[in-house]
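The values are calculated or read from the model by the stated rules, or taken from the named source; none is laboratory data. Just so you know, these numbers come straight off a predicted model, no measurement behind them. Protein only, heavy atoms only, side chains kept; ligands, DNA and RNA dropped before computing areas. Shrake-Rupley method; radii C 1.70, N 1.55, O 1.52, S 1.80 Å.
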Amino acid sequence: MTHAPLLRQITDFANRANPYPLYEELRKTPVLHEEEDGPYLISSYWDIKNLLHDPRISSDATNLTAPGDDELSGPEATGLPPSFIRLDPPEHDRLRRIANSSFGPPHRPTRVDSMRGELAQIVTDLIDGFGDARQIDVVDQFAYPFPVTVICRLLGVPREDEPRFRSWVDPIVAGLDPDTRTSAESMKTAQEARLQLGMYLNGLVEKRAKEPHDDMLSDLVNSHGPDGPMTTMEVLSTAVLLLIAGHETTVNLITNGMLTLLRYPQYLRRLRDDPGLSVKIVEELLRYEPPVQLVPQRTCITDIDVRGVTIPKGSRIWLVLGAGNRDPERFPEPDRFDPDREDIQHLGFGSGIHSCFGAPLARLEAQIALAELARRLDNPQLVEDPPPYRPNAVLRGPRHLEITFDGLR
């Protein structure tokens, strides 16, 4: 530990590979406010869960009255309205209901599960693509291309356009880098990428309005439910959200998962022999190494009391999911990876009205991906531990994960 404020240590890239000792220290002060204009950090499981369900906590940045920029919010100057994860009821609820009507029950109850065969084929093709190689980068050659392909097909992006998305997604995610040294140039690049992505999707929306296909973008454009249709701008904002949020988190879930299984080879062996274990493994991964570590975009719309601490109206609140998931008051031996836990009610997908919209798809993608990697890679081993990490403290995961193996089964 250094004498720097805990918040600065948590966002410091030097601690990205293992922030959990910092979270343990953080939990000693469940409501931490280190700097006058800084956020209030909440780190215990039950406090986080309660606040995620508290209507006095807003996701709308316009309610923020505290001075200073939130360094984890990322660039928003895109010309698009906020996506529904940045809104409060009733507008949040209207947009989420419309989006969900084309994604899950009751209107499309089989949309995700019906993709199981296609997901398995994408995974098979990616692993076959390793060819005769005996060393690969799990991120670049597997975990990254898999979910971007899935999201593009879910939305209805033509396959020939799928490679273009990486050139847009990369700078957008880099623009979320919490490192205060992030340059104005990289922020500008991220905004330009968002603009190009929005323009591309606008063209696709116009095509789907005239000629609907059996895809989610067509459903969003042509929704005629009780909440009425989305505007074109709302469709674009929702599509960008799904492409970026639905992609980057799944990359980290799969990569963190493979890294953890290589560190716990007994579970990798069990998964190879029993693919059904992937369900428990993914749930424990969402607790043990969640792809989203922090929820920084929260503001209280009135004074609230947490553990005897009054958080003033308009203050920023950071919910540290990674700390709550390892709270010993909630999980016995929280620093032990144990897929056989009888109770894994994690915060990996958040909770409350903003619980992860794409959770069913992310779960299925990770289950299929990890089960097939375990089954087909012969004697996989880490090349470097810890691997190099992305700079982002919110969407935490390795930037590369080099492994060796003896061949493909």
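Side notes on the structure shown:
- Mean projected area of the convex hull spanned by the Cα atoms of the chain, taken over all viewing directions: 19.5 nm².
- For region 208-336: accessible area per residue (Å², 1.4 Å): 37 Å²
- For the options Ala99, Ala323, Ala14, a Gaussian network treatment of the chain with springs between C-alpha atoms closer than 10 Å singles out Ala14 as fluctuating the most.
- Distance between region 293-312 and region 317-368 - C-alpha centres, whole angstrom: 21 Å
- Rg/Rg_globular for region 189-268, with Rg_globular taken as 2.2 N^0.38 Å and Rg from C-alpha atoms: 1.53
- If you bin all the Cα-Cα distances of region 283-368 at 10 Å, starting from zero, the percentages per bin are 15, 41, 31, 12, 1.
- Of all complete DSSP H helices in the chain, those with a Cα span along the helix axis of 30 Å or greater and a mean Kyte-Doolittle hydropathy of 0.5 or more are 232-263.
- Sorted largest first by accessible area at a 1.4 angstrom probe radius, with every protein chain in place, the residues Thr310, Thr250 fall in the order Thr310, Thr250.
- As a fraction of the 1.4 Å probe accessible area of the chain, surface on carbon and sulfur atoms comes out at 51 percent.
- Computed [θ] at 222 nm, helices only, for the chain once each DSSP H run of length n ≥ 4 contributes -39500 (n - 2.57): -13500 deg cm²/dmol
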